[in-house]
Structure formats: structure tokens, C-alpha cells
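Worksheet: one structure, shown below.
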Amino acid sequence: MSVTTTTEYVEDVSPGSGALPPRAWYASSDAPSLSLNGTWRFRLSDTADAEDDSFAAPGYDAGGWPEVSVPGHWVLQGHGSPIYTNHLYPFPVDPPRVPTENPTGDHLRVFDLPDGWPADGGAVLRFDGVESCARVWLNGTDLGEFKGSRLPHEFAVGHLLEPAGNVLAVRVHQWSAGSYLEDQDQWWLPGIFRDVTLLHRPAGCVLDFFVHASYDHTTGAGTLRVDSDTDGRVSVPELGIDVPTGEPVTVPVQPWSAETPRLYEGVLATEGERVPLRIGFRTVELSDGLIKVNGTAVLFKGVNRHEWHPERGRALDLATMREDVLLMKRHNINAVRTSHYPPHPAFLDLCDEFGLWVIDECDLETHGFTEQGWRDNPVDDDRWTPALLDRAARMVERDKNHPSVVMWSLGNEAGTGRGLTAMAEWIRDRDASRLLHYEGDADCRDTDVYSRMYASHAEVERIGRGLDGGPRRRRELPLILCEYAHAMGNGPGGLADYQRLFRSYDRLQGGFVWEWIDHGIAHPGLGYAYGGDFGEELHDGNFVCDGLLFPDRRPSPGLIEYKKVIEPVTLTGDGRAGTVRITNGYDFADLSELAFSWSYEVEGEPVQEGTLSVPALAPGESAEVKLPAVPAGAPAGEALWTVRARLAAGTAWAPAGHVVAWGQVPVTERRVPSVAATARPVPGDGMITLGPATFDARTGAVRTIGGVPVTELRLDVWRATTDNDDGAAWQSDPRYGPLWRKLGLHRMRHRLDAVAAGEDALTVRTRVAPAARETGLATVYRWTSDGDRLRLTVSTAPDGDWTVPLPRLGIRFGLRAADRVRWYGGGPGEAYPDTRAAALTGRWEAAVDDLQTPYVRPQENGARIDVRWAELGGLRIEGDPAFFLTARRWTTEQLDAAAHRTDLVPGDTVWVNLDHGQHGIGSQSCGPAPLPRYHLRAQPAKFSFVFSAIDSVSPTTL
Ligand code: IPT
């Protein structure tokens, strides 16, 4: 072998040399294979050519090198650090050149062939993913080098293999020309992060093959044709199919859809190999301006999925991929965009099996060129076109046999250019059976679907109505939101409003929430780390934590909300008529797999429960179903029906009884608490006593209620701003978080104007206002009592020129001890005005600690909505009207100041907020602000709370 330090290939725009042409990926066949995953020797250098390649020669002693796990990223295994940038390249933009400081990891693995490895035939070495550029040697022979991090590369190695002591050497460079094409919004994580496998290739083996399995919904017949580079036979015993490759056969079949993922087991047998096939018959087309599968328009209820694991980064194991799919199915999600690169190939097997529509996206993003007005963008420079075509081919060839893949996407945020058109042309020529997507193609010249990101509700509605104008081709196409509802921190708000639009206009075929999971990195000192936590020179902070799942895959409230908003059955009703209207919102399935039940509840307590018989409605059909008679002898009080649709039997993705959809039908309204003002304020000893409470006579501040000490009760308008409150710097609409701070709402002062103990009330007048501003809130606290119970009525009126909404409006106070909270109202999770679809009215109980939503960057969270009454810390609180309840062991100011979960240290006071209003959440961390109807306007308001000591009032008294 030649000893060389040449690394010119690193900055070469070509995709590489030496690798075999791309072909279909499959997990198993009857040919032997050997996984080379496991522990490898590893050496890190600072530059691409710091070391010569003598390590690749047999006999090299790497015994002193540390070890790393493959698949893995070395920066997550103690060597160097990860870097997070959204779209900025973390190196000078001078394509295709990369910095001299180019972390380079030499990987070494010695392996023996297993017993029985056939002596004849060939072998290929397959790399499923290496970031960003690798050069490979086997037994000292240079096999070549490649780029295209999330795409497979194979090398022919049969002639080089020895029975024992094979030396596989891989040099991986963090930066390469390929990095310019991989500027996705995620951590930069070099390494061999997907499987490495040695595959025996017997003589006469299967090379590439293409399963064409279409479905004609007018006849119910499926047509199968398997094209194969090696002739052979295709059999599908269940369908009685046994035909030569290349020959079409048409038989009656059950079609594949995401809702009914019917797969048929088959075999492709050539002279040398048998490859199992899983065939799903389905036809994807654009017809009548709509995306149709098997003749039916589909509605995407999707998510954008980056691959993520908080310890292993993008090196996902099968169990994690499976967990993602199960979580999606259990939360009513029916579609995935593989943002922004083809996923581990096994993920697509799971999508076929469990049923998810997939937009498979190519490993391409050049977003950083936006900084220079897209000058020098590789996708508009012919020198790069071969690399782009290589990427397109590696994706399509690898994934073409998956029924779940219904669209190819050229990439993300890569501007526009000839290279993209070349990719589109190549893809169409190779696979006419799927549609093409690329959001950056605003005119839809190369694409089959009009795709937008973060469009406002108003714009989506305009497009739905066909009032959006634009080029003709685009006007004839359906819309999908390839990204919307930015799930960063608390939120996203406004999901239900989008879904209403999607349901109302055929042209709107749904969307994909950004994004599936927070990319927080497990960190001993910080909980989860995000951008900047590794000392990066440039970074984008916690913009990398914007998922519906927390990094540990626990669902965030956003996912619970999304599940409710996209539920496939809607249940609405008329309590007085005693009916419930049930609508089947599936595109393909009837309701025969669901069992319906009802529960009649008074004041949140179930009085009686039963089952509801519902016809097996076809997709789109509705029925009015009579509810039973109101149970005889039901107690008086606020009553409602809760109707649930559950899986009647277990499925592959959830057990029997899993709730798919629910609805609540009010019957009688709530009675608001009334307290006769019969008690008199009694002064004495610097204190005033009123009913069960004592007050400071000088300040009018409440001290105890029923013996329970209460501290610092006063008006509160501040919340620890959410990522959506703060908004993204580029937003042109007002960003309320910064405006609130500018106005000083986080440092309100309370001026005491008067304390008056009257005949039947204690009245405290104040003005609440920040330094340096004329704006304030004239605020009056009026306390009355019937002897047992204490009523506080807060009246507040804005004063001065208020142009912004308020973050919140209510009172806050401290309790010395409170562990468990019981409440009647919305639950079990948090809810805000525009994230409240999943709040189920009922009785709930939780520990104070469990009321907190652990956003990776702490911020306002945990409010329970529509609370009629709550009990905590020895107090019962009833609201008139119902209120938002928040309780936490730190103050809002501490929450506001925290950057990581570990900054929040419980104190010995529980801070309780009872809010009359909260500002909406919206999605402004990347998308639109809350809709105006969710703004909490500064306007005169009046609201009351009734306090009592729990022991002094029987729980049935309201
Ligand atoms: C959009 C990107 O496509 C996506 O990768 C991610 O960065 C998302 O934003 C924000 O989290 S681009 C957007 C700035 C329009």
C-alpha cells in the first residue's frame, strides 16, 4: 500500500469514488452477513492530514488507542464536542473549502469471518451512515472515499477478505465539501453513526430490484411487477403469485394505507439468493388537484422527525425507532416527513408495518447561503450537480420498495437552482409512482404539491379558498404545510384552528408539526444541554429543543394537544337533546375497530357509565346517536356526558381500550359560588379579622385564612416568557415577550393607596405599575365573608396607553406547605387559551412537583385551565368565574431567570397563581403569534375567588 497524507477528496465536490452504484436496501436474505457494529479503536486528530494512513495497514498496533462504539458519534463519547447551529455554517463559507481545523477520526476494527462463511462468491461492505466524509481501507487496500452522511455506501470487498484478522480502517472527517450540502438545523455530529455490515454476495445473488405494487380502487385489484437486475422468480403464496421477475400479475388484494397497513409476505428468489419482500399495494397520484392514494384524498396529520436520542445522538437503535412509531400511532399521527434526510432504513420498515405516510427527504440543505443572498449556492452551480444526483439516487434506490413512502422530497431550505431541477428530473424518470415535494420551489415548477412553512392561519385559509394567486401550476396544486406549529417550549398554540381549516377546505391536505423531539443532550450538570452549552463560538441556543417529545421521549403537552386535535373521530353533542354526533374522520377505515362508551358526570364525578352502540360509519360519514336517559337520582350540580372511542381490540400499536378520541357534552351549567357578605371586618392589635381571615391593618394584606398563613397575595401580570412569547429575531410581527420586558411588566411595583374597613367589606386600593412608565393598573381588592368563607373580588382597570396584551392577569400568593393539589376543571395536563383542546373537564389530583412541565429551557408552564375549584395547602379555592391554576416551588422570577432545569431549586414556599386570563401561546418562535382572539387585552376586569379552610367546609358545599 502507499503511505499518503493526501486528503484532497475532502474538498472535492464530487460524491466520492470507489463505491458501488446504489441499490435497494434490505435487512435480511438467506446470504450470510456479519455486523461490524461494536467497539472500534479510535484516534482523533485536529486536521484532516495530521496522521498518515499507516494505521490502515495490517499489523498496525492500535492497542494504545481509546475505544469508541460504532454506530456512534465521537463527540458524544468524550472526544471533542458537539456544535449546534440552526442555519449558520460553523466555518467560513468558501465552498468547497473547509477549515484546516478539521477533526478527523481514524477508526480501526479487526474481524474474523464467522465459521461457515462461504468461500465462493463476493462480498460487500455497507456503511449506512457516516458524517461527513470517509475514506475506507480493507486489509491495507484503499477502497475509496464517500460523502453523503445519511445515505448508504457499499464497496465490493470479496477479493480482499481473509478468514481471520481482516483489518477495516475508516478515516472520518468532520468537515468536507459535503458539509455545505448538510446544513440542517441540528447538532453537527461526526462519526460512523449507522450500521457497518459485511454482506456475502453469492454468485447469482440479488443486486438491485424494484417492487411495483399498485392498486386499482375501481376493481379492487393489485398489480405486482418486480423488476430485478438478476432474473429470478417472485412468489407471494397468500395471493397465489409465482411469476418470473419483470412479469406483471394482477390479482384481487386488500390495499395498503397508513390506516390499514396490509402487507403481503413474498420472496424474490434468484439463483443465488432469496430476499424476503413485504408488499403493500397502493397507488399514489395527483388527481383533481389532490393527493390521492387508492383514489381517495388523504389528510396528513404529520410530524417532522429528525433522528434523535439524548445520549446517542443520531445513532438510533431499533427499539428507539420502534418507540417513535408506536408513540406516533398512539397519538393519532398518520404521517412523517423525514426531515431533513433519509432516516435509518429500518425506520421505513416500521412505517410500512404500522402504517404511516412518509415524505422521504433527501440529505440536502444549504440554508447558510441565505446569509449571502444565496450567492454561490451549490444547488445552482453545475459543478455540484453530480453530488446532488448521487444523493437523490442513493435515497430513491435505497427506499423505493417501501409502500409507506408516498412522496420524495428534494431536500430542505436549499434555495433554488438547476441542480434541484436535475434531481427532480432524475427522480421522475426513475420512479413515476410517487409525487415530488420541495418547499423551496415556490412556483412548483419541479414539484407536485404546493408546500409552505409556518404560514399563518389567514394565509392558509386564503390558499384553501384558492385566493392566493401565484403561477398557474401552483394554483392547481394542493397545499401541505411541510412545517407548521413550531413545538419549541410551551406550545405550539393554534393547532385546533389549523385543523379546522384543514377540515374545511379540500385543497388543504394537512401538515407536519415542527418537530417530533427535542434534541437535548443528556448532561450531568444541566439536565439537557442545548446550543452554547459546549462553548460553541456560534450557536442557536435552545432552538434545537422544539419537539413534541422531551429528549427522553416523554410526551410534552404539545403532543397531547396534537393527539386531541387530530383525532380521527369527532364527538360533539347537544346535552339537552341527549344526543351525540359522531363523525368518522378517517380517510380509509370505518369505525368497526372502535368501541364507544359514555359516562355521566356531575361535578366531575362519574355517576353512571355504559357503552354506546355506534354504526360502523364509513369514512366521512356522521351519525346522530341518542345518549341514554339521565341517570335517575343523579346529584344536582354541573353535569356532562363524556363519550370515548377506544380500540375494541388490541392492535399492533396499542392495547385494547386505548382511547383514540373523546368528546364532552355539557348538560347543566355550573353554579357559581355565592357568599353572603354578612361578616364585619373587626379591627384589633394591628390586625383586622374578617370571617376566617386575618389581615394586616396597615397594608390590608391578608395574613391567614382559616389559620393557614398566606403571604404576598397580590395582583400578578408577569409570566416567565415562553419561547413563543420571546419569538424569533427575524419576526416582523410584534414579539410580546420583548415588548413586555421593555414595558417593565416583569418588575411591577404595588403602590398602596387606601385600606378601608367598612360595614361588610375590607377594601384595599392600589396602583400596580412599573418604574419609568405611565402605564399602570388601578387595582382594588375587596374582601367579604359569610363568617366561614372569604370572598376576594379583584377589580382592575388599565391606566395610560396600553398597546400590548398582558402576559397573565390574576393573583399570586405563597403557601408555606402544599404537596398535593386536587381540582375540578380542565386536566390532567397544562392548557392555555390556544392549547386547550385536550383539557378534559373532571376531577384531578397531582403533587405540586408533578404540575410542572419540564421544558428543557424553563419557562411559563403548568397552568390548569377552567378550574372551578382547587384544594391545596389546607385551602379550598372556588373561582367566579373559573380560573387558571398554577402552583410551583419557585417564583416566576426564578423560573424566568433559569436557563436549564437544574437551575430550578425548590424553596420552602409554594407559589400559587390564580389567573383570570392568560395570553395565548402561538408559535412565534418560528411561526405566527397567537391569533387575536387569544390575546389577553389590557381592559377593565373583575374576578373573584372564594377561600375557605378545607376542614371547615364540607366538600359537597359549593
Ligand atoms: C425551518 C427549517 O426548515 C427547519 O429545519 C427548522 O430549522 C425550523 O425552521 C425551525 O426550527 S426554516 C424556518 C426558519 C423558516
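The values are calculated or read from the model by the stated rules, or taken from the named source; none is laboratory data. Bear in mind that the values here come from a model prediction, so they are computed numbers and not experimental data. With ideal geometry, Cβ positions are generated from the backbone for all residues, glycine too; neighbour counts draw on all protein chains shown. Side chains are part of the model used for accessible areas, which takes the heavy atoms of the whole protein and leaves out ligands, DNA and RNA. Shrake-Rupley method; radii C 1.70, N 1.55, O 1.52, S 1.80 Å.
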Members of segment 338-385 found to be hydrophobic (A, V, I, L, M, F, W, C), within 18 Å of residue 148 (Cα to Cα) and within 16 Å of the ligand (Cβ to nearest atom), listed by number: 362, 364, 379
Which numbered condition residue 433 fails, given (1) among the polar types (S, T, N, Q); (2) within 16 Å of the ligand (Cβ to nearest atom); (3) open to solvent by 10 Å² or more (accessible area, probe 1.4 Å): (2)
Residues (small (Gly, Ala, Ser) and within 21 Å of residue 332 (Cβ to Cβ)) located in segment 573-598: 573, 585, 589, 592, 595, 597
Selection count where residues are farther than 25 Å from residue 111 by Cβ and surrounded by 21 or more Cβ atoms within 10 Å (Cβ to Cβ), scope segment 190-219: 4
The lone exception for residue 460 - which of (1) under 27 Å from residue 213 (Cα atoms); (2) within 16 Å of the ligand (Cβ to nearest atom) it fails: (1)
Residues satisfying the stated conditions in segment 323-337, i.e. out of contact with any helix residue (DSSP H, G or I) (no Cβ under 6 Å at 6 or more places or on another chain) and either more than 14 Å from residue 513 (Cβ to Cβ) or away from the ligand (no atom under 16 Å from the Cβ) (or both): 323, 324, 326, 327, 328, 330, 333, 334, 335
Strands (runs of 3 or more DSSP E) enclosed by segment 561-614 - at least 2 residues per element that are open to solvent by 50 Å² or more (accessible area, probe 1.4 Å): 569-574, 605-612
Boolean, residue 787 is away from the ligand (no atom under 16 Å from the Cβ) and open to solvent by 10 Å² or more (accessible area, probe 1.4 Å): yes
Considering residues of segment 358-402 that are among the aliphatic types (A, V, I, L, M) and under 17 Å from residue 180 (Cα atoms) only, the residue surrounded by the fewest Cβ atoms within 10 Å (Cβ to Cβ): 389
Residue pairs meeting the criteria (Cβ under 9 Å; at least 6 apart or on separate chains; first outside the structural domain of residue 550 (by TED's automatic domain parsing), in segment 485-507; second aliphatic (A, V, I, L, M) and away from the ligand (no atom under 16 Å from the Cβ)): none
Pair list, Cβ < 6 Å and 6+ apart or interchain, from segment 466-478 residues that are at positive phi to residues that are assigned to a loop (DSSP other than H, G, I, E, B) and buried (at least 18 other Cβ atoms within 10 Å of the Cβ): none
One residue from 549, 477, 501 being open to solvent by less than 30 Å² (accessible area, probe 1.4 Å), among the hydrophobic types (A, V, I, L, M, F, W, C) and within 16 Å of the ligand (Cβ to nearest atom): 549
Failed condition for residue 234, given (1) assigned by TED's automatic domain parsing to the domain that holds residue 76; (2) assigned to a strand (DSSP E or B): (1)
Candidates 777, 806 - the one that is out of contact with any Ser or Thr (no Cβ under 7 Å at 6 or more places or on another chain) and either open to solvent by less than 20 Å² (accessible area, probe 1.4 Å) or more than 20 Å from residue 736 (Cβ to Cβ) (or both): 806
Segment 794-849: number of residues that are closer than 30 Å to residue 564 by Cα, among the β-branched types (Val, Ile, Thr) and in a loop (DSSP other than H, G, I, E, B): 1
Residue among 155, 146 that is surrounded by 24 or more Cβ atoms within 10 Å (Cβ to Cβ), aromatic (Phe, Trp, Tyr), in the same structural domain as residue 30 (by TED's automatic domain parsing) and away from the ligand (no atom under 16 Å from the Cβ): 146
Flag for residue 833 being open to solvent by 10 Å² or more (accessible area, probe 1.4 Å), at pLDDT 95 or above and under 23 Å from residue 738 (Cα atoms): yes
Strands (runs of 3 or more DSSP E) completely within segment 641-700 that count 2 or more residues being without any contact (Cβ under 8 Å) to a residue 60 or more places away in the chain: 682-684, 687-690, 693-696
Lone qualifier among 535, 525, 511, 520 - being over 22 Å from residue 722 (Cα atoms), away from the ligand (no atom under 12 Å from the Cβ) and surrounded by 23 or more Cβ atoms within 10 Å (Cβ to Cβ): 511
Strands (runs of 3 or more DSSP E) fully within segment 101-200 counting 1 or more residues that are at pLDDT 95 or above and among the acidic types (Asp, Glu): 101-111, 141-147, 153-156
